[in-house]
Amino acid sequence: MGTYAVSFLCRNAWQVAIPDAAPALNLSMTAAGGLMTAFYAGYVASNFLTGPIVDGIGPRKTLAAASLFTGLFTILIPFTTDYTIIALLRVGAGIASGPLFAGMIKFQLAWFTKKVRATAMGFMFSGVVVGDMIAAGVFAPIIQSKGWQTAFTYAGAVTLIYAAVFYIFAKERGLAKTDRGKKEVGTDKKGVPNAGLLTVVRQRSYVIGTLVCFLNLGAFQGFTTFLLLYLIRVHALSLAAAGTLYAGTTSVGLVSGILAGIISDFIGSRKKACYLGAAGAALVTVALLYTTNVTMLVVVLVLRRLIGSLFGIPLNTLQAETAAGPYAGRAMGIYNGTAQLGSVVFPLAVGFILDITNSNFFYVFSTVAMIHTICGLLVILMKETAEGRSGKTGVATV
């Protein structure tokens with residue numbers, strides 16, 4: 001959870017800095033979105049390459065190094081105002097963060113049983129919310145008073161310190177202990193031979209789940225990258241006030257992810273939780289278009305975070321259980337790398353939409369709601385992996 005928190009502190013420092021940094025650097029919204037894309041371009045590429053490293057040397061060393069280099073590339077950003085150099089540093093930070101998802105999955109599969117695995121996933125992913133909250137709630141007023149560069153100095157320093165903390169205290173066991181599991185274990189508990197990597201990634205459910213995650217992450221990242229700008233331009237809030245509102249509504253994610261995992265584990269279905277999450281996220285995103293005051297805005301953003309978790313956490317758990325085995329690090333690296341292409345494409349696309357529509361957020365929110373709906377429909381084609389209330393694993397509905 002902590003590793004995710006510091007990573008998102010570094011990656012989301014830019015979205016908080018946009019209202020101050022874009023005018024200072026004379027950037028269009030497309031160019032501003034490009035610096036968010038730069039991080040995810042490195043992140044995507046790294047996911048495909050670092051899965052074998054996670055499987056080979058274990059998640060403890062890999063994730064400690066990930067935090068170390070993410071912090072290093074981030075803390076260097078304030079030393080330049082050159083767009084190209086900033087973009088390259090953001091790419092470097094993204095590359096360094098690449099092993100996060102695969103490493104987290106290895107820990108999760110090693111430490112938790114299937115009956116509580118979605119709950120554990122929700123807890124681990126609450127680190128995303130912690131990083132988001134600090135980036136918006138703490139950095140926004142600092143940027144307003146001291147300039148956009150300070151956010152990267154603080155984010156980088158915290159991440160460097162955490163790298164040492166993680167290396168000292170993280171503990172591995174079972175599946176998390178490198179590739180030995182692949183060499184020592186030829187069958188699962190029921191005597192069924194372990195599937196090779198190709199067999200895992202060719203499963204229909206895995207392929208569809210990867211596409212769904214691509215769309216969902218893209219919609220989420222495109223939405224959040226320019227949310228502070230929306231609060232400032234449409235609702236006339238200051239950067240500090242917008243940051244405080246964003247951090248406050250985001251704080252719901254500290255419990256919503258865990259709650260989503262508990263619900264999925266309790267009902268014995270990942271897919272049913274996804275249906276609720278997709279439908280709810282689409283409806284609440286549309287509702288955002290009709291908010292007329294801050295009170296309504298807070299309610300809608302809280303509901304969006306609360307309901308949206310019912311999709312993301314069960315979906316990731318569904319994929320983790322589909323890929324469970326000695327190749328989990330590699331398979332989840334491929335899954336997250338492909339899915340995170342959405343975070344590369346959508347910030348640029350949303351920035352472009354805002355540029356050509358004179359910052360009309362109607363088109364942005366309508367598109368996001370439509371994508372959430374499509375994601376929910378695609379989940380129908382996936383295979384259930386949870387053990388239902390009867391204790392039996394679900395079967396494909398199609």
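Here is how the numbers come out for the structure above:
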read-out	value
One residue from Ala110, Ala140, Ala102 being more than 15 Å from the chain's Cα centre (by Cα), in a helix (DSSP H, G or I) and buried (at least 24 other Cβ atoms within 10 Å of the Cβ)	Ala140
Helices (runs of 4 or more DSSP H) wholly inside the stretch 274-377 that include at least 1 residues being closer than 30 Å to Ile57 by Cβ, of a type in the set (Lys, Arg) and in contact with a helix residue (DSSP H, G or I) (Cβ under 9 Å, 6 or more places away or on another chain)	328-339
Enumeration of residues in the stretch 84-99 that are of a type in the set (Gly, Ala, Ser) and part of a helix (DSSP H, G or I)	Ala87, Gly92, Ala93, Gly94, Ala96, Ser97
Pairs, first closer than 16 Å to Ile313 by Cα in the stretch 210-237, second of a type in the set (S, T, N, Q) and surrounded by fewer than 24 Cβ atoms within 10 Å (Cβ to Cβ), C-beta under 6 Å, six or more apart	Thr210/Thr338
Residue check, Gly94 buried (at least 24 other Cβ atoms within 10 Å of the Cβ), out of contact with any strand residue (DSSP E or B) (no Cβ under 9 Å at 6 or more places or on another chain) and farther than 20 Å from Ala164 by Cβ	yes
Pair list, Cβ under 9 Å, 6 or more apart: the stretch 86-108 residue under 13 Å from Phe125 (Cα atoms), other residue acidic (Asp, Glu) and outside any helix (DSSP H, G or I)	Phe107/Glu172
Among the residues listed as Thr285, Thr338, Thr250, the single one being buried (at least 22 other Cβ atoms within 10 Å of the Cβ), touching a Phe, Trp or Tyr at 6+ places or on another chain (Cβ under 7 Å) and not aromatic (Phe, Trp, Tyr)	Thr285
Matching residues, the stretch 1-41, being of a type in the set (Ser, Thr, Tyr) and assigned to a helix (DSSP H, G or I)	Thr3, Tyr4, Ser7, Thr30, Thr37, Tyr40
Which numbered condition Phe169 fails, given (1) within 23 Å of Met36 (Cα to Cα); (2) modelled with pLDDT of 90 or more	(1)
Positions within the stretch 224-235 being under 21 Å from Cys10 (Cα atoms) and surrounded by fewer than 24 Cβ atoms within 10 Å (Cβ to Cβ), in sequence order	Thr224, Leu227, Leu228, Leu229
Odd one out for Ser269 among (1) crowded, with 20+ Cβ neighbours inside 10 Å; (2) in contact with a helix residue (DSSP H, G or I) (Cβ under 7 Å, 6 or more places away or on another chain)	(2)
Every residue from the stretch 237-256 that is among the small types (Gly, Ala, Ser), assigned to a helix (DSSP H, G or I) and closer than 10 Å to Pro141 by Cβ	Ala240, Ala241, Gly243
Contacts under 7 angstrom Cβ, first residue in the stretch 125-139 being closer than 9 Å to Met1 by Cβ and at pLDDT 85 or above, partner surrounded by 22 or more Cβ atoms within 10 Å (Cβ to Cβ) and among the polar types (S, T, N, Q), 6 or more apart	Gly127/Thr3
Qualifying residue in the stretch 150-157 (condition: among the aliphatic types (A, V, I, L, M), more than 29 Å from Ser264 (Cα to Cα) and surrounded by fewer than 23 Cβ atoms within 10 Å (Cβ to Cβ))	yes
Selection status of Gly312, at positive phi and either in contact (Cβ under 8 Å) with a residue 40 or more places away in the chain or of a type in the set (Lys, Arg) (or both)	no
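The values are calculated or read from the model by the stated rules, or taken from the named source; none is laboratory data. Just so it is clear, the model here is predicted, and its values are computed rather than measured. Neighbour counts are summed over all protein chains in view; Cβ atoms, including those assigned to glycine, are modelled from backbone coordinates with ideal geometry.
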